[in-house]
Amino acid sequence: MRPQSPATGQPTAVPHVTVRLSGTRRGVRLARRLAVQQFTEWTGLPHDCDAAHAVALVTGELAANAVTHGSVPGRDFRLALFLPPEPAVVRVEVTDTRPERLPRHPAAETGSPDAVSGRGLLLVSVYARRWGCEVRDAFTKTVWAEIARPS
């Protein structure tokens with residue numbers, strides 16, 4: 001299947017995949033598995049390489065945040081994966097339905113060292129080359145991360 005632009009239906013130069021998933025823990029698990037599967041198909045790298053682990057971790061954290069903090073009951077989230085030729089990264093985007101709830105930078109958080117949650121974006125910032133958030137319309141926000149891939 002050739003990647004196509006959702007707006008025009010024309011072939012695009014950057015390989016990508018977009019899928020809507022349920023705003024549940026099951027949707028998070030599926031997002032993580034789909035991301036690793038697509039990454040290994042694109043790159044030919046094994047599922048257990050460091051880059052695939054980074055893709056799994058980052059995708060899982062972004063999807064979990066979308067379900068936990070960005071979800072409106074009954075609404076899905078969207079996972080999009082891109083493989084741009086330059087720079088050598090895989091871009092993971094997770095779009096949810098709560099544009100008013102922007103993620104805070106992990107350095108700004110002053111959580112307890114004993115807390116069992118609250119470190120997801122810190123892990124994303126460690127494993128991703130860079131990450132950020134974009135509000136593209138009044139109804140959604142997209143949190144994205146770029147993970148380095150071996151050349």
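With unit charges on the beta carbons (Lys and Arg positive, Asp and Glu negative) and the dipole taken about the Cα centre of region 10-91, which residue among LEU79, TRP42, THR68 sits farthest to the positive side?
Value computed over the given set: THR68.
From the protein chains alone at 1.4 Å, what is the descending order of accessible area for VAL143, VAL14, largest first? Don't skip to the end; give the middle numbers.
Details: VAL143 15, VAL14 50 Å².
Most to least solvent-accessible, the answer reads VAL14, VAL143.
If DNA, RNA and ligands are ignored and the probe is 1.4 Å, what is the ranking of ARG20, ARG101, ARG129 by accessible area, most exposed first?
Details: ARG20 165, ARG101 105, ARG129 135 Å².
Most to least solvent-accessible, the answer reads ARG20, ARG129, ARG101.
Taking a probe of 1.4 angstrom, what is the accessible area of SER151 in Å², to the nearest 10?
Its heavy atoms expose roughly 150 Å² to the probe.
About the Cα centre of region 23-149, what is the dipole size in debye to 20, counting +1 per Lys and Arg Cβ and -1 per Asp and Glu Cβ, all else neutral?
Taking the Cα centre of region 23-149 as origin, the dipole is about 280 debye.
The values are calculated or read from the model by the stated rules, or taken from the named source; none is laboratory data. If you're wondering where the values come from, they're calculated on a predicted model, not measured in any experiment. Virtual Cβ from ideal backbone geometry, glycine too; neighbours counted across all protein chains shown. We work out accessible area using only protein heavy atoms, side chains counted, and drop any ligands, DNA or RNA first. Shrake-Rupley method; radii C 1.70, N 1.55, O 1.52, S 1.80 Å.
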